[in-house]
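Data first, discussion second: the structure below is written as structure tokens.
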Amino acid sequence: MSTTATAHPILCLTMNPSVDLATDTEQVVPTHKLRCGPTLHDAGGGGVNVARVLTRLGGRCLSLCPQGGPTGHWLEQRMRAEGLDVRFLAIGEETRVSFTVHETRSGSEFRFVMPGPTLTEPEWLAALSMVDTLDPFPAWVVASGSLPPGVPVDFYAQLARRVRARGGRLVLDTSGAPLKAALEAGVYMVKPNLRELSDLCGRPLEDASAWHAAARVLVQQGKAEVVALTLGHLGATLMTADEAWTTPALPVTVSSAVGAGDSFVGGMVWALQQGKALKEAFTWGVASGTAALVSVGTGLCQPADVMRLQPQVRPTALAAD
């Protein structure tokens, strides 16, 4: 691929992409054969989902992800069919499959997430090298999702330093030790959920004052310039050094929670790339995440739902300490 394909304002990096399957059955019970309904197939993984949302909203981005085996070939076909501009890194092991089962009797959703292929050192180093060679360098780099086996815990930290050295802004959505290591290196924006933020703090965050304070500390310590905290049915909070906003969840009937966080990131980064202020970009993120909740299976948000919901998001300012 020529360097002209890198002339995008946004790079979406997915180190552990997947083929996502979704189906339904009346009841999930052990040992019995579970007769399922039709199966939905989608390209998945954090950064892939973000790229899908960005593209649907009319944005332009370049996707980068490892790809291996027959499953990886299917992933490539699906991504290209959706009009994504993508660059793949060939790996020796096969791209993972993940699946979601909706239990129709109870309305419960069961999500089975596989660890992914083991990447060798040359394979994961090739991803960093490819980022290094992008010219012109994207203004925004989104790194989203888990790290597959074989990739070091400080991978996102290494990425953060590279992106900052090139003048880009890293938006990170991951969890656990890779998240903690990356925050030590410093990122532009991080999007934890409440569980991930609690894990970072090493203690439960039981009320709004606790989670607002925890998000504020990340900013004050220079670990992130922006913290976009998603809270599920409790809404969302945006925290920077100069401003803080919160908004309740919009009242919608939830069909599936799959891809809500990725849709939030996609909507917010799309708005930032369009030049919108952080507060307004936050409303687009909340609208996109909410729109994913009303989509079935692995469908992510639909633009019509995002446009309908965004005017309903009305953040209120948080009082400073």
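Looking at 202, 167, 186, can you tell me which residue is of a type outside the set (A, V, I, L, M), open to solvent by less than 50 Å² (accessible area, probe 1.4 Å) and without any contact (Cβ under 8 Å) to a residue 60 or more places away in the chain?
Sole residue among the options that is of a type outside the set (A, V, I, L, M), open to solvent by less than 50 Å² (accessible area, probe 1.4 Å) and without any contact (Cβ under 8 Å) to a residue 60 or more places away in the chain: 186.
Could you tell me which of the residues 136, 117 is out of contact with any strand residue (DSSP E or B) (no Cβ under 6 Å at 6 or more places or on another chain) and either within 25 Å of residue 167 (Cα to Cα) or not in a loop (DSSP other than H, G, I, E, B) (or both)?
136
Scan the range 47-65 for residues that are open to solvent by less than 10 Å² (accessible area, probe 1.4 Å) and in a helix (DSSP H, G or I) and jot them down.
Hits for the range 47-65 are 47, 48, 50, 51, 52, 53, 54.
Scan 76, 82 and give me the residue that is in contact with a helix residue (DSSP H, G or I) (Cβ under 9 Å, 6 or more places away or on another chain) and over 23 Å from residue 172 (Cα atoms).
From the options 76, 82, the qualifying one is 82.
Which one is modelled with the lowest pLDDT, of the residues in the range 100-139 that are among the acidic types (Asp, Glu) and surrounded by fewer than 16 Cβ atoms within 10 Å (Cβ to Cβ)?
135
If we only count helices (runs of 4 or more DSSP H) wholly inside the range 161-222, which ones have 1 or more residues that are of a type in the set (Val, Ile, Thr) and within 28 Å of residue 233 (Cβ to Cβ)?
208-220
Scan the range 257-296 residue by residue and report those that are over 21 Å from residue 211 (Cβ atoms), buried (at least 17 other Cβ atoms within 10 Å of the Cβ) and out of contact with any helix residue (DSSP H, G or I) (no Cβ under 7 Å at 6 or more places or on another chain).
258, 273, 295
For residues in the range 30-46 being assigned to a loop (DSSP other than H, G, I, E, B) and small (Gly, Ala, Ser), which is nearest to residue 63 (Cα to Cα)? I'd like the intermediate steps shown before the answer.
Kept after step one, since they are assigned to a loop (DSSP other than H, G, I, E, B), are these residues of the range 30-46: 30-35, 37-39, 45.
Restricting the remaining residues to those that are small (Gly, Ala, Ser) gives 37, 45.
Values: 37: 32, 45: 11 Å.
Ranking the qualifying residues of the range 30-46, first place goes to 45.
Give the residue that is most open to solvent (accessible area, probe 1.4 Å), with candidates limited to residues of the range 69-84 that are more than 20 Å from residue 11 (Cβ to Cβ) and touching a residue at least 12 places away in the same chain (Cβ under 8 Å).
Filtering first and then ranking leaves 70.
Given the conditions (1) outside any strand (DSSP E or B); (2) open to solvent by less than 20 Å² (accessible area, probe 1.4 Å); (3) under 23 Å from residue 258 (Cβ atoms), report the number of the one that residue 146 does not fulfil.
It fails just one condition, (2).
Quick check on the range 305-321: of everything there that is of a type outside the set (D, E, K, R) and modelled with pLDDT under 95, which residue is nearest to residue 144 (Cα to Cα)?
Filtering the range 305-321 for residues of a type outside the set (D, E, K, R) gives 306-307, 309-313, 315-320.
Going one step further and asking which of them are modelled with pLDDT under 95, we end up with 318-320.
On the way: 318: 28, 319: 31, 320: 30 Å.
Only one residue tops the list, namely 318.
Condition check ((1) over 21 Å from the mean Cα position of the chain (by Cα); (2) in a loop (DSSP other than H, G, I, E, B); (3) crowded, with 19+ Cβ neighbours inside 10 Å) across all residues:
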{"site": "86", "(1), (2), (3)": "no, no, yes"}
{"site": "89", "(1), (2), (3)": "no, no, no"}
{"site": "92", "(1), (2), (3)": "yes, yes, no"}
{"site": "97", "(1), (2), (3)": "no, no, no"}
{"site": "141", "(1), (2), (3)": "no, no, yes"}
{"site": "153", "(1), (2), (3)": "no, yes, no"}
{"site": "157", "(1), (2), (3)": "no, no, yes"}
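The values are calculated or read from the model by the stated rules, or taken from the named source; none is laboratory data. All of these numbers come straight from a predicted model, not from anything done at the bench. When we count neighbours, we look across all protein chains shown, and the Cβ atoms used for this are built from the backbone with ideal geometry, even at glycine. Side chains included, ligands, DNA and RNA excluded: accessible areas come from the protein's heavy atoms. Shrake-Rupley method; radii C 1.70, N 1.55, O 1.52, S 1.80 Å.
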